[in-house]
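Step one of this worksheet: look at the structure below.
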Amino acid sequence: MNTKQIALITGATSGIGEAAAKSLAGAGYDLIITGRRAERLRDLKEELQKTYGTDVLTLAFDVQDPHQVAAMLGTLPGRWHGIDVLVNNAGLASGLEHIDQGALHDWEAMIDTNVKGLLYVTRVISRFMIERGNGHIVNIGSIAGRQVYENGAVYCASKHAVNALSQGMRIDFLQHNIRVTEIRPGMVETEFSQVRFHGDTARAKAVYQRITPLQASDVAEAIIWAISLPSHVNIDEITITPRQQANAYYTYRT
Ligand code: NDP
Ligand code: 8X3
């Protein structure tokens, strides 16, 4: 019988989610990996199976759609609903403008993914955890979940919501023995800025100029640390920034 622990990671097709999948596979977890890009999920599954002997279930769906979330996660086969760790990572920033200039489709994508998508997934998976009386939910927030910068109001609001939801989950799931950790990174070099600037590679690259940003693997390490601690310990929040970034406003570029 396979007794390995199971982790579900949303948004595992790139960046922090992909790095977390590799780290968790390396730490001995079997994995459910999700995202919209099915081909990337297939490639990652092959790599994880080959490198770590990980059992991997891939599920391609859009977290913005509650029906897809319920259909994909509500009926997990066999042992797969016995999820020990949920990493709510899928998310994005879309656009960078003053509120009067903001595009409705950008706002909707951010709120529907970062806030509502996270809620849809958590609603389904927390019920499995409650049945088993155990679990750990790791929400990927942001330094933008505590501070607000010009042009970023809606993204920041969505990450403030992740902060509030993490606090709420910690309270609501207290009686169910579910740990809740919020990880709040600063600047991480992933596809994040490409997505924010709608594929403008030059603009995305400029974000990380003359600074050594965090890598996705740095955030994955924080996730591994939080979930590896003795089961009576809950890490509430981790803020992690590059050495050259003090907070959302101050970055020292050399
Ligand atoms: P990436 O763009 O590299 O990765 C985002 C992941 O989210 C992808 O796997 C993408 O998969 C998935 N995703 C996005 N929208 C959806 C959707 N509607 N349904 C399902 N999956 C979706 O960025 P990061 O790795 O940097 O971002 C991961 C998280 O980290 C986000 O929540 C982000 O806000 C947060 N964060 C990032 C920081 C940074 O500087 N990079 C700093 C602080 C927090 P696919 O496109 O295949 O659906
Ligand atoms: C991503 C980091 O500073 O662009 O959450 O908001 S920031």
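The values are calculated or read from the model by the stated rules, or taken from the named source; none is laboratory data. Keep in mind that what you see is a predicted model, and the values were worked out from it rather than measured. Cβ: placed from backbone, ideal geometry, glycine included. Neighbour counts: every protein chain shown. Ligands, DNA and RNA are excluded from the accessible area calculation, which covers all protein heavy atoms including side chains. Shrake-Rupley method; radii C 1.70, N 1.55, O 1.52, S 1.80 Å.
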* To do: Sort all Cα-Cα distances of segment 86-152 into consecutive 10 angstrom bins from zero, then give the percent of pairs in each bin up to the one containing the longest distance.
  => 18, 42, 25, 12, 3
* To do: May I ask you to list the lysines whose Cα is less than 16 Å away from that of LYS50, ignoring any residue fewer than eight positions away on the same chain?
  => LYS22
* Asked: Which whole-percent values make up P(r) of segment 146-254 when all C-alpha to C-alpha distances are grouped in 5 Å steps starting at zero?
  -> 2, 11, 17, 20, 21, 13, 9, 5, 2, 0
* Asked: Given a 1.4 Å probe, how much area per residue of the chain is accessible, in Å²?
  -> 48
* To do: Any chance you could look up the accessible area of LYS116 with a 1.4 Å probe, heavy atoms only, rounded to 10 Å²?
  => 80
* Structure fact -> Nearest 10, in degrees from 0 to 90: the angle of helix 15-26 to the longest Cα principal axis of the chain is 30
* To do: For the chain, with all protein chains present and a 1.4 Å probe, just round the carbon and sulfur fraction of the accessible area to a whole percent.
  => 51
* To do: Report the label-to-label distance for ASN234 and VAL207 in nanometres (one decimal), using points 7 Å from each Cα along the Cα→Cβ vector.
  => 3.1
* Local charge sum around ALA246 (other residues, Cβ-Cβ under 15 Å, Lys/Arg +1, Asp/Glu -1)? -> +4
* Which net charge results when you count Lys and Arg as +1 and Asp and Glu as -1 among the other residues whose beta-carbon is under 14 Å from that of THR122? -> +3
* Structure fact -> Once Lys and Arg are counted +1 and Asp and Glu -1 for all other residues with Cβ under 13 Å from that of VAL219, the total becomes -3
* Under 12 Å Cα-Cα from LYS205, which aspartates and glutamates qualify once same-chain neighbours fewer than 8 residues away are excluded? -> GLU189, GLU191
* Asked: Once both axes come from the Cα atoms, what is the angle between helix 153-172 and the longest principal axis of the chain, in degrees from 0 to 90, rounded to 10?
  -> 30
* Asked: Between the helical axis of 118-132 and the dominant principal axis of the chain, each derived from Cα atoms, what acute angle in degrees is found, rounded to the nearest 10?
  -> 20
* List the lysines whose alpha-carbon lies under 17 Å from that of LYS116, not counting same-chain residues fewer than 8 positions away? -> LYS159
* Structure fact -> Per the rule of 0.36 nm per residue minus the C-alpha distance, extending SER217 to ARG253 adds in nm 10.8 nm
* To do: Please grab the % of Cα pairs in the chain that end up more than 27 Å from each other.
  => 33
* Asked: Over the chain, what is the percentage of antiparallel beta bridges among all DSSP beta bridges, to the nearest 5?
  -> 5
